[in-house]
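Student: Before I ask anything, here is the structure I am working with.
The values are calculated or read from the model by the stated rules, or taken from the named source; none is laboratory data. Just so you know, these numbers come straight off a predicted model, no measurement behind them. Reconstructed Cβ throughout: ideal geometry from the backbone, glycine too, with neighbour counts over all protein chains shown. For accessibility, only protein heavy atoms count, side chains too; no ligands or nucleic acids. Shrake-Rupley method; radii C 1.70, N 1.55, O 1.52, S 1.80 Å.
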Amino acid sequence: PHAAPLPDLIEGIQAGGGTITVCTQCAARRGIEEKDLIEGARIAGAQVFVSEIMADGVQALVY
């Protein structure tokens with residue numbers, strides 16, 4: 001109840017040039033596949049998350 005609506009979060013991320021990556025294990029537990037994602041989102045594991053948060057200019061990681 002204290003978070004912004006999901007569409008607003010997605011819009012803000014995409015407008016700022018951010019990426020949306022869904023955790024492999026989280027997706028599997030929920031039966032989510034690549035075909036279920038919005039355009040531009042992807043499913044990836046820990047190695048990708050680490051490389052994303054360690055990149056120059058990263059401002060936030062929302063988990």
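Student: Just to be sure before I move on: is ALA60 modelled with pLDDT under 85 and open to solvent by 70 Å² or more (accessible area, probe 1.4 Å) in the structure I sent? Before you say what the answer is, go through the steps one by one.
Tutor: Values: modelled with pLDDT under 85: yes; open to solvent by 70 Å² or more (accessible area, probe 1.4 Å): yes.
Yes, satisfied.
Student: In the range 26-47, what count of residues is obtained for those that are surrounded by 15 or more Cβ atoms within 10 Å (Cβ to Cβ) and assigned to a strand (DSSP E or B)?
Tutor: Counting residues in the range 26-47 that are surrounded by 15 or more Cβ atoms within 10 Å (Cβ to Cβ) and assigned to a strand (DSSP E or B) gives 3.
Student: For the range 1-11, what are the residues that are in contact with a strand residue (DSSP E or B) (Cβ under 8 Å, 6 or more places away or on another chain) and either at pLDDT below 90 or open to solvent by 100 Å² or more (accessible area, probe 1.4 Å) (or both)?
Tutor: The first filter runs over the range 1-11 and keeps only residues in contact with a strand residue (DSSP E or B) (Cβ under 8 Å, 6 or more places away or on another chain), leaving 10.
Passing the criteria: none in range.
Student: Any idea which of (1) touching a Gly at 6+ places or on another chain (Cβ under 8 Å); (2) surrounded by fewer than 10 Cβ atoms within 10 Å (Cβ to Cβ) is the one CYS23 doesn't satisfy?
Tutor: If we test CYS23 against (1) touching a Gly at 6+ places or on another chain (Cβ under 8 Å); (2) surrounded by fewer than 10 Cβ atoms within 10 Å (Cβ to Cβ), just (2) comes out false.
Student: Criterion first (surrounded by 10 or more Cβ atoms within 10 Å (Cβ to Cβ), in a helix (DSSP H, G or I), touching a strand residue (DSSP E or B) at 6+ places or on another chain (Cβ under 9 Å) and without any contact (Cβ under 8 Å) to a residue 60 or more places away in the chain) does GLN14 satisfy it? Before the answer, list the steps.
Tutor: Details: surrounded by 10 or more Cβ atoms within 10 Å (Cβ to Cβ): yes; in a helix (DSSP H, G or I): yes; touching a strand residue (DSSP E or B) at 6+ places or on another chain (Cβ under 9 Å): yes; without any contact (Cβ under 8 Å) to a residue 60 or more places away in the chain: yes.
Against the criterion (surrounded by 10 or more Cβ atoms within 10 Å (Cβ to Cβ), in a helix (DSSP H, G or I), touching a strand residue (DSSP E or B) at 6+ places or on another chain (Cβ under 9 Å) and without any contact (Cβ under 8 Å) to a residue 60 or more places away in the chain), GLN14 qualifies.
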